[in-house]
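Let me begin by presenting the structure, written as structure tokens, before commenting on it.
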Amino acid sequence: MALTYDGRAFNSGNGVNWHQTTGTGDNPKDIIYADGWFIATGYGCIYISKDNGVTWTVKEYANGEHYIYSVAYGGGNLVAVTQNGKILISFDK
């Protein structure tokens, strides 16, 4: 899975041949693979794909934050860091 600066998404089964999918339409800052899901960060939201990037579900975080810069996964929890240094934790992925 790869995301471009303008939110286009590409997936590949072999790392050689790439196919464009729907993408996020946002300016992603980070993307991870966590327990069968791709999770990307963007402007005030987190994008989740359960089907290898074919479709994305938006989880908005509208609390005065701008970009969510980074996301990590461990122990069943997602942890994200915002542009303003806030730490967001999800206990139910």
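The values are calculated or read from the model by the stated rules, or taken from the named source; none is laboratory data. Small disclaimer: the values here were computed from a predicted structure and weren't measured. Positions of Cβ are generated from backbone atoms using ideal geometry, with glycine treated the same way; all protein chains shown enter the neighbour counts. Each accessible area value is taken on the protein alone, full model and side chains, heavy atoms only, with ligands, DNA and RNA left out. Shrake-Rupley method; radii C 1.70, N 1.55, O 1.52, S 1.80 Å.
Points worth noting:
- Among the residues of segment 11-43, those identified as in contact (Cβ under 8 Å) with a residue 24 or more places away in the chain and in contact with a His (Cβ under 8 Å, 6 or more places away or on another chain) are Asn11, Tyr43.
- Meets criteria (open to solvent by 50 Å² or more (accessible area, probe 1.4 Å), over 15 Å from Asp6 (Cα atoms) and modelled with pLDDT of 85 or more) for Val79: yes
- Residues satisfying the stated conditions in segment 27-46, i.e. open to solvent by 20 Å² or more (accessible area, probe 1.4 Å) and within 23 Å of Gly74 (Cβ to Cβ): Pro28, Lys29, Asp30, Ile31, Ile32, Tyr33, Asp35, Gly36, Trp37, Phe38, Ile46
- Given (1) of a type outside the set (Asp, Glu); (2) open to solvent by 60 Å² or more (accessible area, probe 1.4 Å); (3) in a loop (DSSP other than H, G, I, E, B), number of the condition Thr24 does not satisfy: (2)
- Odd one out for Ile46, checked against (1) without any contact (Cβ under 8 Å) to a residue 24 or more places away in the chain; (2) out of contact with any His (no Cβ under 7 Å at 6 or more places or on another chain); (3) at negative phi: (1)
- Identity of the residue in segment 49-60, buried (at least 17 other Cβ atoms within 10 Å of the Cβ) and at negative phi, that ends up modelled with the highest pLDDT: Ser49
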